[in-house]
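Single-structure report; data block below.
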Amino acid sequence: MKKTILLLLLIVAAVQLKAQTGKTQNVVIVTLDGFRWQELYRGADSALINSKFTEDRKGIEKKYWAVTAEERRKLLLPFIWSVLAQNGQLYGDRDLGNHDEVANPYHFSYPGYNEIFTGFPDVRMNTNDPITNPNQNVLEFLNKQKGFENKVAVFSSWERFPQILNVNRSGLLVNSGYMDFTAANANDRLKYLNELQHKAPYYLGDSTRIDFLTYEFGKEYLKQYKPRVLYLAFDETDDLAHAGNYQFYLDRVHQEDGFIRELWQYLQSDPQYKNKTTLIITCDHGRGDAPLEKWRDHGSDVVHSEQTWFAVIGPDTPALGIIKTPTTTYHKQLAQTIAKLLGFDFKANAGHEGGEAIGSVTDHK
Ligand SMILES: [Zn+2]
């Protein structure tokens with residue numbers, strides 16, 4: 001009798017444990033470096049189109065201009081404003097009173113990516129130099145969990161990610177900048193990308209890879225190796241904004257929206273991923289907005305560059321569309337949100353302070 005009761009209790013406990021974990025078995029993260037919430041929610045900006053930052057006004061208007069913000073943003077980011085907006089969630093639309101921010105005081109890349117992946121806006125991370133990050137990150141944590149070993153991979157345009165994600169300690173696969181992909185069993189397409197990337201023009205300098213190559217590497221890796229966690233870090237939006245080229249800034253993000261559409265279509269066509277994968281899209285920092293030329297810049301001295309956004313679509317995330325509640329989410333919450341979607345507690349095991357998971361993302365109804 002006692003044994004039967006114990007067995008029943010165990011079954012109840014197991015069922016409860018199962019009920020607490022969601023449907024997400026894989027996570028894909030995409031970052032668009034320094035892409036502003038202003039263009040995400042309002043589309044192309046008429047003040048910038050009619051400024052010295054636009055050379056071909058007619059050309060940009062033909063592609064991205066419409067009377068309402070709703071129409072403009074859909075022209076700029078058709079995937080985000082169709083599939084994702086209808087089936088996922090979007091945070092940081094300040095025109096509707098919802099705020100998303102970085103918690104770190106610096107508003108540039110290394111501190112921003114450190115915050116996203118460690119959950120800790122560590123004030124020591126105040127440089128873009130190649131210093132090794134002492135903090136454990138959520139990708140490293142996941143890579144140690146049962147069923148995730150060597151199933152976590154990162155492809156980035158910016159060459160700084162091996163330090164940000166501390167590959168020497170974490171052992172993560174981080175393919176950054178113009179690094180070749182050297183696994184012995186790599187398929188022909190990956191080998192060809194190794195060849196191609198050294199022949200493509202070095203528009204972002206000798207070290208930072210142009211984004212379509214990063215995307216192609218990530219996509220081919222996904223197809224051959226089927227990781228459970230994949231992170232793609234794009235860079236061009238930030239570079240083109242610094243260069244003061246508004247048309248190219250919009251063109252790059254428009255094309256990246258297309259990459260994300262292709263990625264999502266693949267994920268939804270493959271049995272390992274279909275309806276079991278959460279996709280999170282975000283950025284590492286915002287940019288200025290006043291005076292007008294501050295759109296090029298970001299940093300602690302650039303007003304409003306802490307203002308960011310993120311978007312998410314997946315089987316555990318209710319399809320609420322644009323979040324309109326007067327709340328503020330912080331990027332330090334994303335690490336625990338990612339872990340929780342996969343049924344893990346990173347915060348308790350990180351070895352440092354960290355943000356709470358964002359309940360409206362993880363708590364499926
Ligand atoms: Zn920048």
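The values are calculated or read from the model by the stated rules, or taken from the named source; none is laboratory data. Treat the numbers as computed from the prediction; the structure is a model and nothing was measured. Here the Cβ is made from the backbone with ideal geometry for all residues, glycine too, and neighbour counts use every protein chain on show. The area values use the complete protein model at the heavy-atom level, side chains included, leaving out ligands, DNA and RNA. Shrake-Rupley method; radii C 1.70, N 1.55, O 1.52, S 1.80 Å.
Name the shape class, rounded, prolate or oblate, that the alpha-carbon gyration tensor gives for the stretch 38-116, where a ≥ b ≥ c are the square roots of its eigenvalues, rounded holds for a/c under 1.5, and otherwise prolate holds if a/b is larger than b/c and oblate otherwise.
On the way: a/c = 2.26, a/b = 1.37, b/c = 1.65.
Oblate.
How do the peptides 237-245, 303-311 rank, highest first, by the average count of neighbouring beta carbon atoms within 10 Å per residue?
303-311, 237-245
Keeping every protein chain in place, order Arg160, Arg189 by accessible area at 1.4 Å, biggest value first, i.e. largest first.
Descending order: Arg189, Arg160.
Please arrange Glu149, Glu55, Glu159, Glu39 by accessible surface area, largest first, computed with a 1.4 Å probe and ligands excluded.
Values: Glu149 95, Glu55 190, Glu159 55, Glu39 0 Å².
Output order, biggest surface exposure first: Glu55, Glu149, Glu159, Glu39.
Between Asp363 and Glu262, what's the calculated FRET efficiency when r is the beta-carbon distance and R0 is 30 Å? Round to 0.05.
Result of the calculation: an efficiency of 0.50.
Looking only at Lys146, Lys191, Lys274, which one moves most when the chain is put into a Gaussian network model with springs between Cα atoms under 10 Å?
So, out of Lys146, Lys191, Lys274, the one fluctuating most is Lys146.
In the chain, what % of DSSP beta bridges are antiparallel (nearest 5)?
Here the share of antiparallel DSSP bridges comes out near 25 percent.
On a 0 to 90° scale, report how tilted helix 2-20 is relative to the longest principal axis of the chain, with both axes built from alpha carbons and the result rounded to the nearest 10.
0
Determine the principal axes of the Cα atoms in the stretch 127-167, then give the extent along each, sorted from largest to smallest and rounded to whole angstroms.
34, 22, 11
Pop out the Kirkwood hydrodynamic radius of the chain from its pairwise C-alpha distances, inverse of mean 1/r, in Å to one decimal.
Hydrodynamic radius (Kirkwood, Cα pairs) of the chain is 21.0 Å.
Could you work out which residue, out of Gly351, Gly34, Gly343, moves most in a Gaussian network model of the chain, that is, has the largest mean-square fluctuation with Cα springs under 10 Å?
Maximum fluctuation in the GNM of the chain, among the listed residues, is at Gly351.
Note the full-extension length gain between Thr325 and Val83 as 0.36 nm times their separation in residues minus their Cα-Cα distance, in nm to one decimal.
Once the chain is fully extended between Thr325 and Val83, it gains 85.0 nm.
Given the rule -39500 (n - 2.57) for each run of at least 4 DSSP H residues, summed and divided by the residues of the chain, what is its mean residue ellipticity at 222 nm, to the nearest 500 deg cm²/dmol?
-10500 deg cm²/dmol
In degrees between 0 and 90, to the nearest 10, how far off the longest principal axis of the chain does helix 211-225 point, with axes built from Cα atoms?
Between helix and principal axis, roughly 20 degrees.
Just to check I understand the Karplus step: with θ = phi - 60° and J = 6.51 cos²θ - 1.76 cosθ + 1.60, what whole-Hz values come out for the stretch 62-72, glycine and proline as x?
Rounded to whole hertz, the list is 4, 7, 10, 9, 7, 5, 9, 4, 4, 6, 4.
Can you pull the accessible area of Thr317 for me, 1.4 Å probe, Å² to the nearest 10?
It works out to around 10 Å².
Calculate how steeply helix 188-197 sits against the longest principal axis of the alpha-carbon atoms of the chain, using the helix alpha-carbon long axis, and give the answer as 0 to 90 degrees to the nearest 10.
The answer is roughly 30 degrees.
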